[in-house]
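Read through the structure below, which is laid out as structure tokens, and then see the notes.
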Amino acid sequence: MKAEEDATILGKVNDLSGYLESSRKSIPFMEDILAFVRDMVPVVEELKKSIALSSDKLPTASKQLDKVTSATEMASTEILNIVEGILARIDAMQTSPVEESLLREIDRCIAAVPAQERAPLAHAWNAFQEFVAERNTECTQGLTTIQDDCTSIMIALQVQDITAQQIAAVNRLMASVDEGFTRLMKHLADDAEAREGDRFKHRNLDIVFDPNAEYGDREARQHVADAVVEQTQEQQAKRKG
Amino acid sequence: MAGPKFLVVDDSLTMRRIVINTLKTLGYETVVEAGDGKDAMAKLLSEGADFLITDWNMPEMSGLDLTKWVRSTEQFVNMPILMVTTRGNKDDVIEAMKVRVNNYIVKPFTAQGLKEKIDQILKTSDIKSA
């Protein structure tokens, strides 16, 4: 029996010796892990500070974007006011009635002049009327050109609506990034501050927008639309026929 | 000049002014405006209109939903509708045609482009052009 007990004890001593040897080998590894964790703590602290700083800058950037949209809206309104004023004045000039009564009065005066003096006077008056008619034509053409230019300026102001949508899309993106930062902060710090929910809500940016709104490539995009409209109309015509 | 009464719907005041002024240069003087689909519904019911020009992306009620309402409302079911929007991809246009807009113009549009679309729509409707 003693021999068996001796064998058991020896076996257990050998096992213990094996464990101690494994532990001895793993100590440097454990020391490396502890050193790594010690080194990571300041990095995580730095990361937390950096995230908090970046996150605090986002609402400021959002307010700046709001100012941009507000400024472009104000400028567009001022330009539209001026353009509308020009168009109204042109309209008034183009529709002002010819003083027919004055022309008739002059014709009566010429008719009242003695016959021998009438011809040169009538000739001069006709020449004057032709000159005025030519100048009127030039003025009318000039006014039409100004009218067309005003329309072009007005059409170009569509940029304000399009850029407002593009800016609103950027604002929404920043809000999403901020939400991500907030979630990250909650994992890194139990005492992460709760953030105000309306930091990205501004009058000019809280609009319904098209995230793909763009100013350029108008003709290509219109061609795509026209092709679909034409195809649909053809299909509808076939169904009716 | 006589012509249809337009209802211009867009949540952007700048855009509404641009469309309305462009319509005036094209000879269409009778225009009312609305800031979103719900406002447009109310204006149609209270003041009526002959031709609807609407944006797509709007608060309260989109141009698409406004079109669906118009097409399902007996007194307006045949009203000409022109969609004016920044949405320019094929799927959007298909979706708009499915709810039966008459035509589609992409922003930024030109005055000539707007005229062509209006003329195309009026050709097939009972309403006379300017």
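The values are calculated or read from the model by the stated rules, or taken from the named source; none is laboratory data. Only a predicted model underlies this, so the values are computations on that prediction, with no experimental measurement involved. Virtual Cβ from ideal backbone geometry, glycine too; neighbours counted across all protein chains shown. In case anyone asks, the SASA skips ligands and DNA or RNA and just uses the protein heavy atoms, side chains included. Shrake-Rupley method; radii C 1.70, N 1.55, O 1.52, S 1.80 Å.
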- Note on the structure: Yeah, the range A:85-148 with a ≥ b ≥ c from its alpha-carbon gyration tensor (a/c under 1.5 is rounded, else prolate when a/b outruns b/c, oblate otherwise) is oblate
- If every Lys and Arg gets +1 and every Asp and Glu gets -1 at its Cβ, then about the Cα centre the range A:106-241 yields a dipole, in debye to the nearest 20, of 420
- Please give, to one decimal in nm, the separation of the simple spin-label points placed at A:Ser70 and A:Arg24, each 7 Å out from Cα toward the Cβ. 7.5
- Note on the structure: Of the residues A:Ala156, B:Pro108, B:Met83, the Cα lying farthest along the dipole of the protein assembly as shown towards its positive end, which is defined by charges on the beta carbon of Lys, Arg, Asp and Glu, belongs to B:Met83
- Task: Quick one, can you get me the convex hull of the C-alpha atoms of chain B expressed as volume per residue in Å³?
- Result: 95
- Message: Just to confirm my numbers, what's the Cα centroid distance between the range A:1-58 and the range A:106-151 in Å?
- Response: 106
- Query: Looking at the range A:1-107, which GluC sites (Glu not before Pro) are DSSP coil and have at most 15 other C-beta atoms within 10 Å of their C-beta?
  - Reply: A:Glu99
- Task: Write out the GluC sites (Glu not before Pro) in the range B:53-116 meeting two conditions: DSSP loop, and at most 16 other Cβ atoms within 10 Å of their Cβ.
- Result: B:Glu60
- Message: I'd like the mean, over residues of A:213-226, of how many other protein chain beta carbons sit within 10 Å of each residue's own Cβ.
- Response: 6
- Task: Would you mind getting me the FRET efficiency between B:Leu45 and B:Glu95? Use the beta-carbon distance for r and R0 = 35 Å, nearest 0.05.
- Result: 0.85
- A:Thr144 to A:Gln231: FRET efficiency via 1/(1 + (r/R0)^6), r the Cβ-Cβ distance, R0 45 Å, to the nearest 0.05? 0.75
- Item | Mean accessible surface per residue for the protein assembly as shown, computed with a 1.4 Å probe while every protein chain stays in place, in Å² | 61
- Task: Have a look at the range A:43-93 and give its Rg and Dmax from the Cα atoms, expressed in angstrom.
- Result: 22.3, 74
- For the protein assembly as shown, calculated [θ]222 nm from helices alone, where every DSSP H run of n ≥ 4 adds -39500 (n - 2.57): -24500 deg cm²/dmol
- Note on the structure: A 1.4 Å probe over the protein heavy atoms gives the range B:35-130 a carbon and sulfur accessible-area percentage of 45
- Mean Cα-pair separation over length for chain A, i.e. relative contact order, pairs under 8 Å, 6 or more apart, %: 31
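Is the C-alpha gyration tensor of the range A:123-237 telling us rounded, prolate or oblate? Criteria: a/c under 1.5 is rounded; beyond that, a/b larger than b/c is prolate, otherwise oblate.
oblate
Enter the buried accessible area of the A/B pair, total of both sides, probe 1.4 Å, in Å² rounded to the nearest 100.
By this definition, chains A and B bury close to 2800 Å².
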- Query: Suppose every K and R has +1 on its Cβ and every D and E has -1 on its Cβ; what is the size of the dipole of the range A:1-114 about the Cα centre, in Debye to the nearest 20?
  - Reply: 240
- Extending each Cα 7 Å along its Cβ direction at A:Ala111 and B:Ser125, get the distance between those two points in nm, one decimal. 5.1
- Query: Short version: what are the Cα gyration tensor semi-axes of the protein assembly as shown, square root of 5 times each eigenvalue, largest first, in whole Å?
  - Reply: 76, 28, 17
- With a ≥ b ≥ c taken as the square roots of the eigenvalues of the C-alpha gyration tensor of the range B:65-130, please select rounded if a/c is under 1.5 and otherwise prolate if a/b is larger than b/c or oblate if it is not? oblate
- Note on the structure: Sorting A:Ala168, A:Pro114, A:Ala75 by the position of each Cα along the dipole of chain A (Lys, Arg +1; Asp, Glu -1; all at Cβ), the one nearest the positive end of that ordering is A:Ala168
- In the range A:138-158, which residues give up 10 Å² or more of accessible area once the other protein chains are added, compared with their chain alone (1.4 Å probe)? A:Thr151, A:Met154, A:Ile155, A:Leu157, A:Gln158
- Item | Label point distance in nm, A:Phe36-A:Asn81, each placed 7 Å from Cα along Cα→Cβ | 6.7
- How about the range A:118-191: which chymotrypsin sites (Phe, Trp or Tyr not before Pro) there lie in a loop by DSSP and see at most 13 other Cβ atoms within 10 Å? none
- Task: From other protein chains only, count the Cβ atoms within 10 Å of every residue's Cβ in B:93-100, then give the mean.
- Result: 4
- Item | Computed magnitude of the charge dipole of the protein assembly as shown (debye, nearest 20; Cβ of K, R +1, Cβ of D, E -1) | 700
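Mind checking the mean number of beta-carbon atoms from other chains within 10 Å of the Cβ atoms in B:8-14?
5
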